[in-house]
């Protein structure tokens, strides 16, 4: 089970992007943490900043035009952005990531074998060709790839979408990391393949002692595959808690709206969704960023950003509705 | 892959046939009597007429072409030049290798320095180094090659006397292998001769290549910058590929594709600009011969010269296409379909 | 182009677009510099005979007493071996250079574009194949060489120089147009026009051509520089305007034998060529930036 030690801690993270028209305040003070061996889920609409958080953690956000305006990211206890070189070293050793679009993630001019060899060479120089080859085979078998030898000699353009994602997963797992980030690994795949890839990921994660952050639109998968879930909206964490509990009883109006919007076979069928759209990041609302769309909107919501409350054990919500409860300590 | 090359070569040959026919006919259609011009006004008419029939100018054009093409393919006989009064093939054998040598040297300079400066510029983007290189690149692109030639002549040949003013020494017959002066000297082990010939090559080659180096550097720089923000570079980093490998393999390979494509155009420019450079430096090369042949409307000379340029150009393009196909598997696989 | 204010409802979108493009263009000082240089050159060329300090020197003129003078206040660019003022000759030579450039574009662009349009719209028919193979023929040898061969066929003169270069240039425009047409043909608005039963020619000219115009302008501006270099190379070898009329290329070649002592005879005309190319390149780059953003 999950230990108590925090492997990753993100505190009050503020990240902005400088664009022609001004400053896009993408992350508005994000707090999240991952403990050792814990599987964390991150859900939210497209454009709410999930990818930015992940990229900031792995330090692949281009620093101009992006800017770290505030907050810290602790990985294994160290602030990775304070000394960037050391931070990058530590993160490259301990964190890996699967990107959203497998086609864009694979260099079109390199064969799978070449790419894998490069990763292995980065891991350790002292490996013979034979050793490398067997590791590559193993890696592809681990992701249930048919005909590994043929795939190794292929180029991305010759592989199907599902196969490409499997290759990405294999590549991501080539080094032994403590934390694996998966950014919507199935969003750009066919629905029929989606199930397979999610199953695969589930097996791989269950089998190892790695911590994971899984970002996905597939709410069912998140519910099944994660221990704890964060819900994000427009650069803020709306609420968080243990997966089952959160899905059973969402507290934040946004989460409620999100779950209600999910098409179901039983019950409501296809709903109308949530009225309105995500706010502009250039001129974000002063208070709670969800308030323009919130059915429970109150005057204070437009004025002040809601602090984090703890309506229940291990549950946290950032919403003024719960102001009467004790404020959260973290 | 082999099929790809064959198809290209076959097509290239067809085009060259068509081109040679067009130019061949074109020259014979335009007014003017090249035979008379080459022999001079004092020569009696019968001599002119005799020469004209010797050169088959009195036959219908397709017949002439047929004879000529037969000569070219079977005997390597390109006809007789009215300018040098020798077989054109002899002229080609004498002048072409020297120009090829100059062209290869220049091409090598263009690709290597262009890529080098472009890479440095891209990696140190927006620093003073980058801005300086970009400024030079811009100046290089807008300055005509002959302006560089003048500049270098003034600086390096006149004032500082580091390099010779022009020309190219001829090798004695024993040393001649391919006709490429410096190359022959090198492979014959005559290193001091090689040194001399190399020095004669430098100024013309640099004048020729500077503009192209600049252009190449700009293209390569922007190509690398485009690719640096691509997902596959970030992914390679995340997944653990070493920094140097990411830059020099993962980034360089896709960036090379537009660079190589542009290189083809640079070769075309090279062949063209060589005309002036050879004249200015009195380099006894093929371009300078071609110029004379063209200006004097030498019938066999012009078509032979066009054919030679066409062949060189086509070969260069095929090589470049092969290079691109090698780099980009998408092209390779499409081509084999 | 309707003028703003004629029909407010119709003029608005076009005018707005033009204004936006101008702001984008003007935000880059280099592009403005390019525009300024080009305008200055065009004006100088148009009024060359009025601006030149010694207009008569751009023709038959001999003054050996004043020959080979270095640059001075009286002769800003010095004099040549015949005593003619180089600056005046450069200004007149500028006229020919710009004229040749314009002529080449005027000849080459319409013919190239037309071929490209026709071939592109009749894609995958024999028309397409024939036209494209035809362009291959003209692209088989490097442009300068083709231009030389063609121009040398005629009596020397700048008109034939233009014809020569245009012969080598039109295939590029044909190709560009062809690829634009092919990609634009797949756009929805063309498909709709087809469905509505519009005739092919109408579609070509009303739907496709206007959208192909912007990349074309960029290319034309950038091309001017190269064309002028090629034209000056051709006058360098004696094919352009004949003496005693001046042309930048022939001035450069004429001065080579007097290096290094009378360096100004070659250097100033060469620098003028570089300036022309600089102006058009900056302008072209600026246009490219403006139109590139639009495409996103």
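Where a number appears in this text, it was derived from the coordinates with a stated rule and is not lab data. Please read these numbers as outputs of a predicted model, since none were measured by experiment. All Cβ positions, even for glycine, are placed from backbone atoms using ideal geometry, and neighbour counts span all protein chains on display.
Note on chain C: Kirkwood hydrodynamic radius from all Cα pairs is 21.3 Å, rounded to one decimal.
Highest-first packing order for the peptide set A:98-109, A:238-249, A:136-147 is A:98-109, A:238-249, A:136-147, based on the mean count of other beta carbon atoms within 10 Å. The long axis of helix A:129-142 is offset from the longest Cα principal axis of chain A by roughly 40 degrees. Under the simplified labelling scheme, the residue A:286-residue B:28 pair shows an inter-label distance of 9.0 nm, with each label point 7 Å from Cα along Cα→Cβ. Each Cα pair of the stretch B:164-310 feeds into the Kirkwood radius, which the Stokes-Einstein equation turns, at 4 °C and 1.567 mPa s, into a diffusion coefficient of 70 µm²/s. Note on chain C: with a GNM built from Cα contacts shorter than 10 Å, the maximum mean-square fluctuation among C:66, C:12, C:28 falls on C:12.
Axis of helix B:191-228 versus longest Cα principal axis of chain B: the two differ by about 50°, to the nearest ten degrees. Remark: spin-label model distance residue C:256-residue A:188 equals 5.5 nm, labels positioned 7 Å along the Cα→Cβ axis. Full extension of the segment from residue B:315 to residue B:17, taken as 0.36 nm per residue of separation minus the current Cα-Cα distance, would add 105.8 nm. With Kirkwood's inverse mean 1/r over C-alpha pairs for Rh, give me the Rg to Rh ratio of the protein assembly as shown, two decimals please. My calculation of the ratio gives 1.05. Looking at the square roots a ≥ b ≥ c of the eigenvalues of the Cα gyration tensor of chain A, which shape do they give, rounded for a/c under 1.5, prolate if a/b is larger than b/c, or oblate? Note, shape of chain A comes out prolate.
By its C-alpha gyration tensor, with a ≥ b ≥ c as the square roots of the eigenvalues, how is the stretch B:199-262 shaped: rounded for a/c under 1.5, else prolate for a/b larger than b/c, else oblate? Prolate, because a/c is 1.5 or more and a/b exceeds b/c. Considering chain B as a Gaussian network with a 10 Å cut-off on Cα pairs, which listed residue, B:301, B:12, B:195, attains the greatest mean-square fluctuation? Between B:301, B:12, B:195, it is B:195 that shows the largest mean-square fluctuation. Note on the stretch A:300-322 and the stretch A:152-211: Cα centroid distance 36 Å, given to the nearest whole angstrom. FRET efficiency for residue A:18 and residue C:102, Cβ-Cβ distance as r, R0 = 35 Å, nearest 0.05? Result of the calculation: an efficiency of 0.25.
For the protein assembly as shown, what is the percent of antiparallel DSSP beta bridges, rounded to the nearest 5?
65 percent
Given a Förster radius of 60 Å and the C-beta distance between residue C:62 and residue B:61 as r, what FRET efficiency does 1/(1 + (r/R0)^6) yield to the nearest 0.05? That gives a FRET efficiency of 0.80.
Between residue A:147 and residue B:2, the FRET efficiency estimated from the beta carbon spacing at R0 = 22 angstrom works out to 0.30. Exposure proxy for B:126, A:236: other Cβ atoms within 10 Å of each Cβ, ordered fewest to most, give B:126, A:236. Does the stretch C:1-140 classify as rounded, prolate or oblate by the C-alpha gyration tensor (a ≥ b ≥ c root eigenvalues; a/c under 1.5 gives rounded; else a/b over b/c gives prolate, otherwise oblate)? It comes out oblate by the Cα gyration axes.
Over all alpha-carbon pairs in the stretch B:110-196, figure out the percentage whose distance exceeds 17 Å. Across the stretch B:110-196, Cα pairs with separations above 17 Å total 67 percent.
Look at the stretch A:113-125: the mean tally of other chain Cβ atoms within 10 Å of its residues' Cβ atoms is 4. Simple spin-label estimate for residue A:78 and residue C:18 gives 6.1 nm between the two label positions (7 Å along the Cα-to-Cβ direction from each Cα).
To the nearest 10 degrees, how steep is helix B:252-280 against the longest Cα principal axis of chain B, on a 0 to 90 scale? Between helix and principal axis, roughly 40 degrees.
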